[in-house]
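What follows is a single structure, written as structure tokens, with notes after it.
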Amino acid sequence: MNNETAPDLAARIDALLPQTQCTRCGYAGCRPYAAAIASGEAEINQCPPGGGATILALAALLGRPALALNPAHGTESPPRLAFIDESRCIGCARCLAPCPVDAILGAPKHMHTVIAALCTGCELCLPPCPVDCIELKEAPAPAANQPALNRMRYEAHSVRLQNQAALRQREIDDKKRAAAARRMADT
């Protein structure tokens with residue numbers, strides 16, 4: 001590990017994280033948290049979804065002592081999944097955007113549902129729900145490849161958001177150019 005660069009170390013740390021992208025560690029996702037650990041900005045005990053097992057794995061990788069989970073970031077719990085009580089869902093769509101892996105299916109003014117196989121149990125859909133129709137229930141143990149699948153879905157979600165933002169910016173720029181052209185024509 002002596003000649004290892006920070007990005008290489010961050011990638012190895014990221015591979016040990018559960019990839020729930022829950023932000024409870026205080027970072028925008030697992031990769032930024034891994035980078036913060038690699039640079040020495042963050043401790044190894046800030047990941048409630050990973051809990052003690054992840055802390056031990058990070059301690060072994062980094063040659064650091066294992067620490068107890070920092071309670072400021074939450075408590076360790078069994079894997080959980082979000083479930084929407086469809087009889088109470090008003091179709092507001094506020095839960096769609098915060099889901100870091102696009103595990104919620106629905107459209108405005110229509111009932112929503114959670115695709116259980118995709119849900120990471122991150123809890124990010126809970127606060128925006130105005131009718132509290134989303135609850136977390138205990139989930140089966142995740143598959144061995146679940147973190148890798150979660151990472152792929154999160155990356156796809158991030159690319160989709162970047163593409164939407166770029167498209168929106170192009171639309172705004174086009175409208176500004178058209179307005180400027182109209183102003184020039186009027187003068």
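Readers should treat all values here as calculations from the given coordinates under stated rules, not as data from a laboratory. A quick note: this is a predicted structure, and the numbers were derived from the prediction, not measured. Heads up, the Cβs are rebuilt from the backbone with ideal geometry, glycines too, and the neighbour counts pull from every protein chain shown.
Highest GNM mean-square fluctuation among N45, N145, N70, for the chain modelled with Cα contacts below 10 Å: N145.
Note on the chain: GNM, Cα springs under 10 Å; of R153, R12, R64, the largest mean-square fluctuation is that of R64. Summing charges over all other residues whose Cβ lies under 15 Å from the Cβ of C92, with Lys and Arg as +1 and Asp and Glu as -1, gives 0. Each peptide in 56-62, 28-34 gets a packing score, the mean of other Cβ atoms within 10 Å over its residues, and the list from highest to lowest is 28-34, 56-62. Result for the chain in a Gaussian network model with C-alpha springs under 10 Å: among G121, G51, G74, the largest mean-square fluctuation is at G74.
Placing unit charges on the Cβ atoms only, positive for Lys and Arg and negative for Asp and Glu, gives the chain a dipole magnitude near 720 debye about its Cα centre.
Between V159 and A141, the simple label model (points 7 Å from Cα in the Cβ direction) yields a spacing of 3.2 nm. How many angstrom lie between the C-alpha centres of region 44-84 and region 93-125? With region 44-84 and region 93-125 each reduced to a Cα centre, they are spaced 24 Å.
Let me spell out the model: positive unit charges on the Cβ of Lys and Arg, negative unit charges on the Cβ of Asp and Glu, origin at the Cα centre of region 6-73. What dipole size does that give, in debye rounded to 20?
Numbers: 4 positive and 4 negative charges, 19 e Å.
Roughly 100 debye, rounded to the nearest 20.
Give me the net charge of H73's neighbourhood, meaning all other residues with Cβ under 13 Å from the Cβ of H73; Lys, Arg count +1, Asp, Glu -1. So the surrounding residues net to -2.
Considering only S158, F83, A178, the residue lying farthest towards the positive end of the dipole of the chain is A178, judged by Cα position with unit charges set on Cβ. Contact order, relative form, for the chain: 19 percent (alpha carbon pairs under 8 Å, 6 or more residues apart, mean separation divided by residue count).
Using only helices, what value at 222 nm comes out for the chain when you add -39,500 (n - 2.57) per DSSP H run of length 4 or more and divide by the total residues, to the nearest 500 deg cm²/dmol? Please list the in-between numbers first.
Values: 4 runs with 74 residues, N = 187.
Helix contribution divided over all residues of the chain: -13500 deg cm²/dmol.
Cross-link partners of K175 among aspartates and glutamates, defined as those whose alpha carbon lies under 18 angstrom from its own and excluding same-chain residues fewer than eight positions apart: D186.
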